[in-house]
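To start, the structure under review is shown below, and the notes come after it.
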Amino acid sequence: MNDEEKILKGLGTSNHFTVPDGYFENLTSQVMDKLSDVRRESVKMKMPTKWDKIKPWVYMAAMFIGAAFIIRIASWKNVPVDDDISIITQVDVENISDEFIDEMLDMSMIDDYSLYVYLTDASREY
């Protein structure tokens, strides 16, 4: 015997769920009566005003203006304007010793070919 057959034999095949007599005869009218009560209590929707319609756009514009203002403040620096910046940043190459250059090349761990390419711009295509 199968397990399912054992269970069916123990429980039986009769339907144990019952409803009162005449329940389904009045069911439709009862449901419709309850629905009509709900329809009578409907809430009237108010019409949106012009401000309600444009409010998201105003808020979005304010957000972008605020973001632009923050970026402007963050990127603003008190740098003195000087036309002779090239004079200040120019290094006197003649006073640098060869020993110092050799030491810096050793520390940078650059090989001879890379130095040649860097100095001659051999990688530039014409």
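Rule-based calculations on the coordinates, nothing more; no lab input. Bear in mind the structure is a predicted one, so any value in this text is a computation, not a measurement. Heads up, the Cβs are rebuilt from the backbone with ideal geometry, glycines too, and the neighbour counts pull from every protein chain shown.
Extending 7 Å from Cα along the Cβ direction at Val31 and again at Asp3 yields two label points whose distance is 3.8 nm.
The modelled label-to-label distance for the pair Ser114/Thr49, using points 7 Å beyond Cα in the direction of Cβ, is 6.9 nm.
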